[in-house]
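One structure is given below, encoded as structure tokens.
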Amino acid sequence: MKAWEVSDNRLILDNVEPPVASEGESILDVAFAGVCGSDLPKLLAPSTFDLPTRWRPGHEIVGVDPAGTVVAVDPLIPCGACVHCNNGDTHLCGALARIGWDRPGGFAHQVLVPNGNIHPTGDIPALVAVLADPMAVAVHGLRCSGLGHAKSIAVIGAGAIGLLTAVYARSLGKDVTLIARRSPRPQLDGVRLTTVDDVDRRAFDVVVDAASGASAEPLALALDLVRDGGTVLVQNAYHPSVSFPGSPRDMFRRSLRLVGSFSFCRRDGHDFIIGIDVLRQTPDVSAMLEVSGPLDELSQLLKTNQRPRTLRHVLAIS
């Protein structure tokens, strides 16, 4: 079968041996695979990252199982036995393996997945189910950070995580403001859209930093927007060179909470499954996606360095 892989700092579409399933695993025919923004810089400039020796990317996967059922793939494979796994904080497992990083990913005709990581999508369109992984990240941030009391939430950034966080907050009945540099598509009913210049300072119970992580500006803005006694939730994978922009004394004096939120977990529920349910209730997310081409067009897509006109490039593989 064909699969994209990075080896010797080169991205190539290679002929590889098809996967062989062991007990407790299934081979899926990949239908759609999302091109995550976290993978794009690694695909464009692999020599600047510490990548697996033979990296087969693609962790936003929708496939068809041997019974013909359309399924979404939870890419996180925890050990299931450590203290974090026992607490449901599977994303913190020290032995965590990830499909599309430690294990071959979905930019391929087939992918091997543990049965416990396969979730039927039901009546959700298969293309929309590509968003199950980033929606789980959005769910985790609000669900597992003790923010249920919040009434007003501002979200900085209109990328995938920002938009889906706004969608999830809206489903919880929150008063949601989305702050973007440019108007996102689609416009979300029930979500107030504004710019940095037009938003009130110190007016929100929670501010979610889900913007680009190349500079500290989004976090500085979040600290400026949150009310005294409020919470700043960081869902932004900042570059290692970025430093904290605020004053520790100011954090102390204002009684602010600064909470980091990485990936998603299975504590008191399962963020990935909850995310699928949110997608089922949110038909307007279909406008966030565009099919960018079949499997063999990934390299051309990267060469032109295209930005999706909507939110997410998706490869239609089968």
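The values are calculated or read from the model by the stated rules, or taken from the named source; none is laboratory data. From a predicted model like this one, the values you see are computed outputs, not experimental measurements. Backbone-built Cβ (ideal geometry, glycine too); neighbour counts: all protein chains shown.
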Check on GLY68, touching a residue at least 60 places away in the same chain (Cβ under 8 Å) and part of a loop (DSSP other than H, G, I, E, B): no
Spot the failing condition for ASP209; the list is (1) within 28 Å of LEU40 (Cβ to Cβ); (2) more than 24 Å from the chain's Cα centre (by Cα), and only one is missed. (2)
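In region 189-212, what count of residues is obtained for those that are surrounded by fewer than 18 Cβ atoms within 10 Å (Cβ to Cβ) and more than 23 Å from ASP284 (Cα to Cα)?
8
Take the conditions touching a residue at least 60 places away in the same chain (Cβ under 8 Å) and either aromatic (Phe, Trp, Tyr) or assigned to a helix (DSSP H, G or I) (or both) and apply them to LEU43. Does it pass?
Details: touching a residue at least 60 places away in the same chain (Cβ under 8 Å): yes; either aromatic (Phe, Trp, Tyr) or assigned to a helix (DSSP H, G or I) (or both): yes.
Considered against the rule, which asks whether it is touching a residue at least 60 places away in the same chain (Cβ under 8 Å) and either aromatic (Phe, Trp, Tyr) or assigned to a helix (DSSP H, G or I) (or both), LEU43 comes out as yes.
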Could you name every one of the strands (runs of 3 or more DSSP E) located completely within region 86-185 that has at least 2 residues being buried (at least 24 other Cβ atoms within 10 Å of the Cβ), in the same structural domain as ALA211 (by TED's automatic domain parsing) and touching a residue at least 12 places away in the same chain (Cβ under 8 Å)? 152-156, 175-179
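Let's see how each residue does on (1) modelled with pLDDT of 95 or more; (2) of a type in the set (Val, Ile, Thr); (3) in contact with a strand residue (DSSP E or B) (Cβ under 9 Å, 6 or more places away or on another chain):
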| site | (1), (2), (3) |
| --- | --- |
| CYS82 | yes, no, no |
| ASN86 | yes, no, no |
| HIS91 | yes, no, yes |
| GLY94 | yes, no, no |
| GLY116 | yes, no, yes |
| ASP123 | no, no, no |
